[in-house]
Structure formats: structure tokens, C-alpha cells
Amino acid sequence: MKTIHTPNAPAAIGPYSQAIEVNGLVFTSGQIAIDPATGNVEATDIVGQTEQIMKNLGAILKEAGCGFENAVKTTCFLADMEDFAAFNEVYGKYFTTKFKPARSCVAVKQLPKNVLAEVEVIAAK
């Protein structure tokens, strides 16, 4: 097992890692729209927050030696399912290869720091 850490994504704010690699699979922790440069949630709408989430995930995947094209499964959490279409539009800009990952997307009551979305990825190297 290998712990993945990059300063280009938010540091873990609890007893967990940004990602773990085991047996050629990379499991990211759920990422929210924290800007790693400031440590704050800067974006206030679903589009801006989703862009930041995807940048954070991209940095973690890159540190692990892979990218969005290696994703096999994502789990997405939305604070409001009314944001699904806008979220999906941004999400789709990052998963552009022929083989898109399997995905679950659910609405939840509340997310950390009252953000609008959170995404986690499982990738195969």
C-alpha cells in the first residue's frame, strides 16, 4: 500500500489520506471545492465548485501516476439534485475518453463546509 499526497490538492482535514494506491488501483478520498492555494472554498456556485473539485482530483491522480482516463468508478454527492445538469456538464469535460467510468450520483443532506458537491474516484493504473 502507498499513500498518495500532493500539495496541489487540499490537505486532508482529518484522519485520512488524499488517496491510497493498492494492487494497481488508486482510491481517492472525496474531494470538495477547497482551493489548495488558500485552504478555502472560493467558488459559490455548482459550476465553480465542480471545476475546483475536478482540479483537485486531477492533481491527486497525476501524483499517483495516472489521470481521468484511468478512472473506473466515481461516486458523486450533490447537496441538491437540481444542480445535476450543471454538475454533469462540468464533470463531462474531464471524462472525455471512449471508456467513461461507472458512476453513482446521489443527493445528500449536507456536505463538509456546506459545499454543493463532493466526488471520489477509483482509478486503475
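In loop segments of segment 38-117 as defined by DSSP, the trypsin sites (Lys or Arg not before Pro) with at most 16 further C-beta atoms inside 10 Å of their C-beta are Lys98, Lys109.
When the alpha-carbon atoms of segment 1-50 are used, the pair Rg, Dmax equals 12.4, 38 angstrom. When a/c reaches 1.5 or more, the comparison of a/b and b/c decides; with that in mind, is segment 19-75 rounded, prolate or oblate per its Cα gyration tensor? Prolate, since a/c reaches 1.5 and a/b exceeds b/c.
Over all other residues within a Cβ to Cβ distance under 10 Å of Asn8, the charged ones net out to +1, with Lys and Arg as +1 and Asp and Glu as -1.
Each distinct pair of alpha carbons in segment 2-124 adds a 1/r term; the inverse of their mean, the Kirkwood radius, is 14.3 Å.
Taken together, the values in this text are just the output of simple stated rules run on the coordinates, not laboratory data. What you see is a predicted model, and the numbers here were worked out from it, not measured in a lab. All Cβ positions, glycine included, derive from the backbone under ideal geometry; neighbour counts span all protein chains shown.
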